[in-house]
Structures are given as structure tokens and as C-alpha cells.
1. Counting pairs of alpha carbon atoms under 8 Å apart in space and at least six apart in sequence, what relative contact order in percent does the range 18-81 give?
2. What are the residues whose amide H is under 5 Å from the amide H of Glu36, where those residues sit 5 or more places off or on another chain and H is modelled from the backbone?
3. Using θ = phi - 60° and the Karplus form 6.51 cos²θ - 1.76 cosθ + 1.60, what ³J(HN,Hα) does each residue of the range 63-80 get, whole Hz, x for Gly and Pro?
4. With a ≥ b ≥ c the root eigenvalues of the C-alpha gyration tensor of the range 1-50, is it rounded (a/c under 1.5), prolate (a/b larger than b/c) or oblate?
5. Could you go through the range 100-109 in sequence order and give the Karplus-derived ³J(HN,Hα) for each residue, using 6.51 cos²θ - 1.76 cosθ + 1.60 with θ = phi - 60°, rounded to whole Hz, and x for Gly and Pro?
6. When the convex hull of the Cα atoms of the range 14-87 is projected onto a plane and the area is averaged over all directions, what value comes out in nm²?
7. Per-residue HN-Hα couplings for the range 134-147, Karplus 6.51 cos²θ - 1.76 cosθ + 1.60 at θ = phi - 60°, whole Hz, x for Gly and Pro?
8. Using alpha carbon centroids, what distance separates the range 42-64 and the range 104-139, in Å?
Amino acid sequence: MRPRHACDVRRAQEFRAYVAGAGGRLLHTATLLTAEPPDANRRAQRLLTLALTRTYACWDRLHGEDPYDHTRRYLMIRFALSTLRYGGRLPFRPRPGGPLAGLSPQERLILVMRLHEGIGEDQTAALLGLPTERVRAVQNRAMAVVLRPAPRPAPSLGRAGTVPS
């Protein structure tokens, strides 16, 4: 039987390699969920840290399960629970300007799960405890908001109501 220390070192090395490979994509996913700018994503980093901590705690029990899937699932659930705690809103206001900032947290969550992560409708519905039709409706509404062209500013009027040329 190997000493406990050798198992801990191996476990830490495996986890470090996993984070080095998957950390960037997971951080991007968390940043999309929180609708923060990539250069100032404090909440996304905290969300990811919690998910990675949970994954590390369960590392020995994963037994062939995909650690990326495990971390991503916890990341999504943690985000959903944080919005439930505040009545469907986030305790912070996303900065305007990002393509997903105008979406509700539920719309952002479903859009990120479906389009960015490629999770199927049935899996998304099961993970969130929603009917498949509801997931489809929320996704369609979110896509309409994201794809809606930004309103153009009205032309400024010159002197005496004339339009400058």
C-alpha cells in the first residue's frame, strides 16, 4: 500500500493538469454567465473557484466521469442558485456593452448552456428542472434580444431645424 502522501501528490498533479487544460474555457463560460468584461471578471473568477474547489474535493470519487462536465455542471448550478437567492436577479448589475448584458440571468444561463457549451435541450431542461418547451422558449427569446440590431441615434438637427449635409 502506498503512503497517503504519494496519493495526495499524484492527485494534486492530475488536478493541476486538468485546470491548466480546462481552466481557460471554464473561466470564459463563467464570464459569459456573469456578463462581466473579460478584463474585470471578479465574480466569474469567484464562481469558477467555487466550482473547481468542489471538483477537487470530489476528484477521487469521479471514477472515470469527465471532470470538465462535473465542474461545468456545478458552475451552472451555482450560478442558477445565486440568482434564485435574489429573486431571479443578480446581486450586481452587469456592465452594459456586452452582448449578453441585456439578458436576464436565466436567459444568459440557457443561452450559454445551449450555444456556448453545446448541451442539448433535454439535458439543459433536466439540469435546471424546467420543461423542454420552456428551455426552447427562453432560448428563442434570448436569441431575439441578442440578434436585435442596436437602435441608431437620430440625426442631429442643425440650425433652424435643418439637417446638416
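1. 31 percent
2. Amide H neighbours of Glu36: none.
3. 6, x, 5, 5, x, 5, 4, 4, 5, 4, 4, 5, 4, 5, 5, 4, 5, 4
4. Prolate, since a/c reaches 1.5 and a/b exceeds b/c.
5. Working through the residues one at a time gives 9, 5, x, 9, 6, x, 5, 4, 5, 4 Hz.
6. If you wrap the Cα atoms of the range 14-87 in a convex hull and average its projections, you get 5.0 nm².
7. Those phi angles translate into 5, 4, 4, 5, 5, 5, 5, 5, 5, 5, 5, 5, 5, 8 Hz.
8. When both Cα centres are located, 22 Å separates them.
FYI, it's all coordinate maths here, none of it is from the lab. Quick caveat, the model's predicted, so the values are computed rather than measured.
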